[in-house]
Amino acid sequence: MEEEATMQLKPVSLQLGTAERVGFEVQKLSDGRSMVFIPSVPNMWSGITQILPADQITDLDAPFTSVMELSERYGLGAEELISKKIEPAPSTIAPEKA
C-alpha cells in the first residue's frame, strides 16, 4: 500500500504567501487546482492536505525519496531540492491588443 501511494505523489514546490514549502501533488482537479500533501518533519507520513491553484505549484525534477529524506533531515538540503524546479513553459497565447 505504501509503495502504491508513493507512485501517485509528485514532488512539488508550493508558494504559500511569502513562504515556500516542499510537498506532493496528490491529484489534479478538473478546475485546474490541485490537492497537495505537505509533510511534517521528521515523520513525513504526518502532515496536511490543501487544495491550491496551479500558480502556487511548481513541479520538482526530483524523486519521491528526495522529499522524504529532506523531511527526515528537518529540511537540511532544501537548496539543492528547490534548485530542481521545472519552470512552466512560456505561454503561447498572444497578448490581447488594446
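The values are calculated or read from the model by the stated rules, or taken from the named source; none is laboratory data. This is a predicted model, so every value here is computed, not measured. Here Cβ is always computed from backbone atoms with ideal geometry, including for glycine, and neighbour counts include all displayed protein chains.
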Please go through segment 65-84 and pick out each residue that is free of Cβ contacts under 8 Å to residues at least 12 places away in the same chain and exposed (fewer than 12 other Cβ atoms within 10 Å of the Cβ).
-> Thr65, Leu76, Glu79, Glu80, Ser83
Taking the stated definitions as given, is Val67 in contact with a Leu (Cβ under 8 Å, 6 or more places away or on another chain), hydrophobic (A, V, I, L, M, F, W, C), within 22 Å of Glu87 (Cα to Cα) and part of a helix (DSSP H, G or I)?
-> yes
Set Glu72, Glu96, Glu87: member being modelled with pLDDT under 90, of a type outside the set (A, V, I, L, M, F, W, C) and under 16 Å from Val12 (Cβ atoms) = Glu87
Please find, within segment 20-64, the residue that is surrounded by the fewest Cβ atoms within 10 Å (Cβ to Cβ) out of those that are among the aliphatic types (A, V, I, L, M) and assigned to a loop (DSSP other than H, G, I, E, B).
-> Leu29
